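K.L.:
Sharing a structure, written as structure tokens. Questions coming.
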Protein chains: 4
Amino acid sequence: MTYKLAARTPMILMLQVHDSRARDLETPNLLATDPIVPIESFRDCFGNSCCRVMAPAGKFVVSTDSILRDSGQPDPKDVTARQLAVEKLPSDVLTFLLPSRYCETDILSAYAWKCFGNEEPGWSRVQAVCDFVHKHVSFGYAYSRATRTAVDTLNEAVGVCRDYTHLAIALCRCLNIPARYCTGYISDVGQPPPHPEMDFSAWMEVYLGGQWWVFDPRNNDVRVGRVLMGRGRDAADVAFALSFGQHELAEFRVWIDPIEAGDHR
Amino acid sequence: MTYKLAARTPMILMLQVHDSRARDLETPNLLATDPIVPIESFRDCFGNSCCRVMAPAGKFVVSTDSILRDSGQPDPKDVTARQLAVEKLPSDVLTFLLPSRYCETDILSAYAWKCFGNEEPGWSRVQAVCDFVHKHVSFGYAYSRATRTAVDTLNEAVGVCRDYTHLAIALCRCLNIPARYCTGYISDVGQPPPHPEMDFSAWMEVYLGGQWWVFDPRNNDVRVGRVLMGRGRDAADVAFALSFGQHELAEFRVWIDPIEAGDHR
Amino acid sequence: MTYKLAARTPMILMLQVHDSRARDLETPNLLATDPIVPIESFRDCFGNSCCRVMAPAGKFVVSTDSILRDSGQPDPKDVTARQLAVEKLPSDVLTFLLPSRYCETDILSAYAWKCFGNEEPGWSRVQAVCDFVHKHVSFGYAYSRATRTAVDTLNEAVGVCRDYTHLAIALCRCLNIPARYCTGYISDVGQPPPHPEMDFSAWMEVYLGGQWWVFDPRNNDVRVGRVLMGRGRDAADVAFALSFGQHELAEFRVWIDPIEAGDHR
Amino acid sequence: MTYKLAARTPMILMLQVHDSRARDLETPNLLATDPIVPIESFRDCFGNSCCRVMAPAGKFVVSTDSILRDSGQPDPKDVTARQLAVEKLPSDVLTFLLPSRYCETDILSAYAWKCFGNEEPGWSRVQAVCDFVHKHVSFGYAYSRATRTAVDTLNEAVGVCRDYTHLAIALCRCLNIPARYCTGYISDVGQPPPHPEMDFSAWMEVYLGGQWWVFDPRNNDVRVGRVLMGRGRDAADVAFALSFGQHELAEFRVWIDPIEAGDHR
């Protein structure tokens, strides 16, 4: 990411591979800046690794690169995973039933029950939500808007992966299914060409049968090579870069290249 | 309608039977006030009969009563009525394709085409809109809110007849079907008991095959004894009473009693 | 205006000088299209001259050009113009007190009275509204959004001339001052350079002392060479071009060149 | 609180005095239910004490009562408390700069800087925000709405203590001042009669000069006898009762009675 900054600007960056994948790192996953500035690491209340920097005025480049071992397996799937009654949910999961900035469950509750109340609780109800969102929303970068919420996405029926995810999360929470927002990389491996330019991606995890499962309403399919960076209630919690001042993102590039085992040595 | 007014208050009233039913009036349809105040009549830009009064402070009663001949026939229906291409629509109908205060067609366009674009154009597309709205929205006076728009109704899935109508109108306009908002009375004749307390009602008219047709997404059925008071783009145009000052509506009562032909003499 | 159209597209155009300036036209103010297509003229319910065309697929150019006599006088001003009580307003003016698509008076009423209730009614109250809007909103084409309303503009504090105008209109109507939306040209004559690229402009008219007066919250100043095209409740009523189908506006150019009296012969 | 429940209903309750006041409790601060049901305690991610119960169908009463020592001192105040630059803020405070469900900082940023950017940073800027909110918003229980956000409150200019607080929090965060939402009790001690019926209250804490300070935009004054129950990003985090099912709150009563030291033995 190349920034053009009018003045010294404090930034918070959430660009590193999530701790849950730390054991898969073949090379250290460090953040580099140009010019070099001190980097302070901390963990947010969702356990994500964040970095704080004071970026100087002018051109400022932030980058990171790593080699990561991947199972090559698609997202796990278990259509028999059951929905836990609210009273059976662990306490630390309850926060993912609440409304959040981009997921207005307090508004969408009646909508959710009308449309999905007749679906079988559990995996198939979540899948029904994803099928609806995937079909309802038209993808397009031109449709990107920083303030778009789940309600907006439902109404406007357009958006990017972030919007698909917010709408699906909001609907799941309305249905008493804990749902959280994830950002990270998804590789193209196994996808038919043409491959669009790489970008960070967003998906969700829902809590069924006592564990979290990946659902991806944007692609609405299992994928290989999904690398988590951060998790939170919604995009407000996991911005990959937060700048406290005027800034221009002059360049932005994301890459994932598959390497056969052993190749990189 | 009985008002309690803190001060002298200018009011605009749209309570009279619409001119299109003037020939059916057996008794004059005059407005009465208590205390008696001068009443000025005018016609708004949609052709509705309106009255202006300066209501005095204190208790103020507005009433009107009439005997009206009715065909006893249900709302006309023609499932073969075709949708005219935009270029074939008369010019004076085009205004009913535009967005208005409570019908945000500019927001709902993608939604409408996603959900109803595959329906057969014409009568059955309008009926599909009404079926959706009727099923999607839960009725309840507790859900009444003066600022609720079509978008709000879609999201919250609750409302009163006004909200059903706004949502259906917005969706029709998105689909290039002119639609306008109607207020008036609907009798209970032929409806199974229990009969709820009478109120004014709202429905819509859509332009198909060269003429306007009644559709009633709240009841989603043809009805007997529908008496029009006013028509406009949405509820903003046809408030039955508009008060320019603090006011409390202390009592409000609407009645329709069927009289057999000849009975009233 | 040069369009690229994927298919035959019905269009409604409101590009001609308003009838109130007809006597000032030195050359006829006709619409031209390339390719040439039949043009049907009609008048909308606000008295604006509109044209309907069926544009063919492909490149489609719409243009108009005229020579207009102008007084060279700035917008009339009368700071003694008084605000009429609602009961004194002519009936045909009342519609400009109602909420409309982009002017949610039903939401902003309390806001308006809090902020402007202490201002002297009449001209200075309207001027206070314009001063506030002019100062509160930051101008920028990047901030343009077709669905932005007066409420959005108040919150986001950014916008284009259309947004300034909607916010000022909504606030005036809340204060029982009739206000209507105007589109047209404004010349640069007498303005200090640099002159930005020409565009259509929006301003409002408010009803004080028995007549309509121009106020321009975007520029917040009187101007010379204002040429009206259309008037309505808000931008929904006076779109300069309305296309019923997919379209791309490939080029758009507006010009006003001052000509000394006699020069053009 | 007396509930009427149609069915067995899981509930989450946040009704206990906050841990930060634990040392002031003269009597244990336990939750009681009628009928008696098992109560499970847990701590949410903001450190609040919460209880989970499975309420039976029918009438269900939840209550708690305690004697608490209070300093009798008003809220601490230090008008010299300085605003820390973002880069100087502790990491765990940064989450209170982010947008949340009812505090749309992403929308209100320009508004906040326009209105308060010229105020002296630090205590007086926060006070300016509180003065504005206190004056701008009209209080009334009739104006209560579960979905009202800071943006709604700004526009509608009405609300209850929750709404005042959300608007003030949103504006502070826009100005890079961390702000969090607090719920609890406020006593009437020292307030002039008449005393309104007791209710839970909401206020905010802002981070200045390295610590959190109480600001109360609803009352806009220091108060004696403020007892904290919960803290979070906004009301979504600290609902005093969250019911996962249909419920009716039949009765609700809050009390605070001052006891002189020693009286209660």
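K.L.:
Taking N as the number of residues in region D:81-174, what is its Cα Rg relative to 2.2 N^0.38 Å?
P.N.:
Working: Rg = 13.4 Å, N = 94, 2.2 N^0.38 = 12.4 Å.
Rg over 2.2 N^0.38 Å, computed on Cα atoms: 1.08.
K.L.:
Roughly speaking, to the nearest percent, how much of the protein assembly as shown's 1.4 Å accessible area is carbon and sulfur? Mind dumping the intermediate values first?
P.N.:
Details: 24170 of 46630 Å².
On the protein assembly as shown, the fraction of accessible area on carbon and sulfur atoms equals 52 percent.
K.L.:
Can you report the principal axis dimensions of region A:86-236 using only the alpha carbons, biggest first, rounded to whole angstrom?
P.N.:
Largest first, region A:86-236 extends 45, 31, 28 Å along its Cα principal axes.
K.L.:
With a cut-off of 8 Å between alpha carbons and a minimum separation of six or more residues, what is the relative contact order of region B:114-265 in percent?
P.N.:
RCO, region B:114-265: 22 percent.
K.L.:
Over region B:86-236, with the other protein chains present, what is the accessible area per residue in square angstrom, probe 1.4 angstrom?
P.N.:
Spelled out: the 1.4 Å probe surface of region B:86-236, per residue, equals 33 Å².
K.L.:
D for region D:183-265, whole µm²/s, Stokes-Einstein with Kirkwood Rh over alpha-carbon pairs at 4 °C and 1.567 mPa s: what number?
P.N.:
85 µm²/s
K.L.:
Show me the three semi-axes of the equivalent ellipsoid for the protein assembly as shown, from the C-alpha gyration tensor (sqrt of 5 times each eigenvalue), largest first, rounded to whole Å.
P.N.:
Semi-axes (√(5λ), whole Å): 48, 38, 33.
K.L.:
Further question on the same structure: Sorted by accessible area (1.4 Å probe), largest first, how do B:Arg173, B:Arg69, A:Arg145 line up?
P.N.:
B:Arg69, A:Arg145, B:Arg173
K.L.:
Whole-Hz Karplus ³J(HN,Hα) for region A:176-185, in order, using 6.51 cos²θ - 1.76 cosθ + 1.60 and θ = phi - 60°, x for Gly and Pro?
P.N.:
Once rounded to whole Hz, the list reads 6, 9, x, 9, 10, 9, 10, 10, x, 9.
K.L.:
Separate question: If you rank B:Arg21, A:Arg148 by how much accessible surface each has, with a 1.4 Å probe, what is the order from largest down?
P.N.:
If we order B:Arg21, A:Arg148 from most to least accessible, we get B:Arg21, A:Arg148.
K.L.:
How big is the Cα convex hull of chain A in projection, averaged over all directions, in nm²?
P.N.:
Seen from a random direction, the Cα hull of chain A projects 14.9 nm² on average.
K.L.:
Then there's this: Over the Cα atoms of region A:1-96, compute the convex hull volume and normalise it per residue, giving Å³.
P.N.:
Value for region A:1-96: 156 Å³ per residue.
K.L.:
Using a 1.4 angstrom probe and counting only protein chains, how large is the accessible area of D:Met14 in Å², to 10?
P.N.:
Taking all protein chains as shown, D:Met14 has close to 10 Å².
K.L.:
At 1.4 Å probe size, with no ligands or nucleic acids counted, give the accessible surface of D:Tyr207 in Å², nearest ten.
P.N.:
20 Å²
K.L.:
Just check region B:30-70 against the gyration tensor rule for me: Cα atoms, a ≥ b ≥ c as the square roots of the eigenvalues, rounded for a/c under 1.5, and otherwise prolate or oblate depending on whether a/b exceeds b/c.
P.N.:
It comes out oblate by the Cα gyration axes.
K.L.:
Moving to a separate point now. Give me the accessible area buried between chains A and D, both sides summed, with a 1.4 Å probe, in Å² rounded to the nearest 100.
P.N.:
In total, this chain pair buries about 2600 Å².
K.L.:
Another one. Remind me, relative contact order of region A:2-66 in percent, using alpha carbon pairs under 8 angstrom and six or more residues apart?
P.N.:
Values: 111 pairs, mean separation 34.3, N = 65.
Over region A:2-66, the number comes to 53 percent.
K.L.:
Turning to a different aspect of this structure: In 5 Å bins starting at 0, how do the alpha-carbon pair distances of region B:135-202 split up by percent?
P.N.:
Per 5 Å bin, starting at zero, the Cα-Cα P(r) for region B:135-202 comes out as 3, 16, 23, 22, 19, 11, 5, 0 percent.
K.L.:
Leaving out ligands, DNA and RNA but keeping every protein chain, what accessible area does A:Val222 have, in Å² rounded to the nearest 10, with a 1.4 Å probe?
P.N.:
Here the residue's solvent-accessible area equals roughly 50 Å².
K.L.:
If you don't mind, another one. Measuring from label point to label point, each 7 Å out along Cα→Cβ, what is the D:Ala146 to A:Glu260 span in nm?
P.N.:
About 5.9 nm, to one decimal.
K.L.:
Calculate for chain B the 222 nm mean residue ellipticity that helices alone would give, adding -39,500 (n - 2.57) per DSSP H run of length 4 or more and normalising by residue count, nearest 500 deg cm²/dmol.
P.N.:
Values: 4 runs with 47 residues, N = 265.
Taking each H run of at least 4 residues, the total per residue is -5500 deg cm²/dmol.
K.L.:
Straight-line reach from A:Lys59: which lysines fall under 30 Å, measuring Cα to Cα and dropping same-chain residues less than 8 apart?
P.N.:
Correct list for A:Lys59: A:Lys4, D:Lys88, D:Lys114.
K.L.:
Of C:Phe132, C:Pro192, C:Ser100, whose Cα points farthest to the positive end of the dipole of region C:86-236 (charges on the beta-carbon: +1 Lys, Arg; -1 Asp, Glu; origin at the Cα centre)?
P.N.:
C:Ser100
K.L.:
Quick one: compute the contact order of chain A, relative version, from alpha carbon pairs under 8 angstrom and 6+ residues apart, as a percent.
P.N.:
27 percent
K.L.:
Report which residues of region A:151-182 become buried by 30 Å² or more of accessible surface when going from the isolated chain to the complete set of protein chains (1.4 Å probe; DNA, RNA and ligands ignored).
P.N.:
A:Asn155, A:Glu156
K.L.:
Between C:Lys88 and the same site in the other copies, what are the distances in nm, shortest first, taking label points 7 Å from Cα along the C-beta direction?
P.N.:
5.3, 5.8, 7.3
K.L.:
List the aspartates and glutamates whose Cα sits under 14 Å from the Cα of D:Lys135, skipping any in the same chain fewer than 8 residues away.
P.N.:
D:Lys135 reaches D:Glu156, D:Asp163, D:Asp216, D:Asp221.
K.L.:
How big is the gap, in Å, between the Cα center of region C:63-136 and the Cα center of region D:179-193?
P.N.:
Region C:63-136 and region D:179-193 have Cα centres separated by 42 Å.
The values are calculated or read from the model by the stated rules, or taken from the named source; none is laboratory data. Just so it is clear, the model here is predicted, and its values are computed rather than measured. Here the Cβ is made from the backbone with ideal geometry for all residues, glycine too, and neighbour counts use every protein chain on show. These accessible areas exclude ligands, DNA and RNA; they are computed on the full protein's heavy atoms, side chains included. Shrake-Rupley method; radii C 1.70, N 1.55, O 1.52, S 1.80 Å.
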